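Asker: Below you'll find the structure I mean.
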Amino acid sequence: MAVAISSVPTSAQQAGPEDSARTTRGVIILKAEPKPEPAPAPAPAPDAPRPAPPPPVMPPKCERPFAKADIRTSRYGEDAAKFDRDLARKLNGAKQEVSVDIAAPWPAEGDPPAMVGRWLEEVKASGGKITVNEYCRKSRGFFSFFNKLFQRKPVDRLEAVRTYDAVLQINGADQAVTQVLFRRRPAP
């Protein structure tokens, strides 16, 4: 409802200057105008294509640090004995670094696959260091899975790795370990 306030002269005649003091104030109530109803949205045709939902937000795809890794776990499947033999052969060679590409990256806070995990255990048990190199995004901190890894009992079967340190390559976008670099320790 709208309300208007106006000044109205008391007589129907035009008031002169001396009659200007004789005006009174009045209130006129105006009727509200109806609001127009919104137009209904047209219904989509049943055979009309629906708009595609927005794509999910995916972490950026980053290139792994070693494009040509020395060993790729995808070649071995579940054959741990062959993986162990080939990795020991590479480590016993004259190379300073041996890179391993992980076919199915594991979460940085989880346990590594058994095939790679026992090699990392041996690095730690022999006095080597296991460090982290995060690529693609800045580090979010040191990961708790190292505590689990370091507290395991050492296994004395992987002699070839005892003179190496390990560097875990972690994709910062999804926090998954994608590669392991075994680096020969400097001579004492």
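Asker: Please list the non-local residues whose amide H lies under 5 Å from the amide H of Trp106, H modeled 1.01 Å from N, same-chain partners needing a gap of 5 or more.
Answerer: For Trp106, the qualifying residues are Val177.
Asker: Sticking with the crude label model, points 7 Å out along Cα→Cβ, report the distance from Ala187 to Asp111 in nm, one decimal please.
Answerer: Here the modelled spin labels are 3.9 nm apart.
Asker: On to the next question. Measure off, as a whole percent, the carbon and sulfur share of the 1.4 Å-probe accessible area of segment 71-118, all protein chains present.
Answerer: Ligands and nucleic acids excluded, carbon and sulfur give 49 percent.
Asker: Relative to the Cα centre, what is the charge dipole magnitude of segment 75-115, using +1 at the beta carbon of each Lys and Arg, -1 at the beta carbon of each Asp and Glu, and rounding to the nearest 20 debye?
Answerer: 320 debye
Asker: For Tyr135 and Arg72, compute 0.36 nm times the residue count separating them, minus their Cα-Cα distance, and round to one decimal in nm.
Answerer: Stretched fully, the Tyr135-Arg72 segment lengthens by 20.8 nm.
Asker: Amide H neighbours of Ala173 under 5 Å, counting only residues 5+ apart in sequence or on other chains, H built in-plane at 1.01 Å?
Answerer: Under 5 Å from the amide H of Ala173 lie the amide H atoms of Arg137, each far enough along the sequence or on another chain.
Asker: Of Lys61/Lys95; Lys61/Lys82; Lys82/Lys129; Lys68/Lys129; Lys95/Lys124, which ones are farther than 22 Å apart at the Cα?
Answerer: Where the Cα-Cα span goes over 22 Å, the pairs concerned are Lys61/Lys95; Lys61/Lys82; Lys82/Lys129; Lys68/Lys129.
The values are calculated or read from the model by the stated rules, or taken from the named source; none is laboratory data. Only a predicted model underlies this, so the values are computations on that prediction, with no experimental measurement involved. Cβ sites come from the backbone with ideal geometry, for glycine too, and all protein chains shown count toward neighbours. Only protein heavy atoms, including side chains, enter the accessible area calculation; ligands, DNA and RNA are left aside. Shrake-Rupley method; radii C 1.70, N 1.55, O 1.52, S 1.80 Å.
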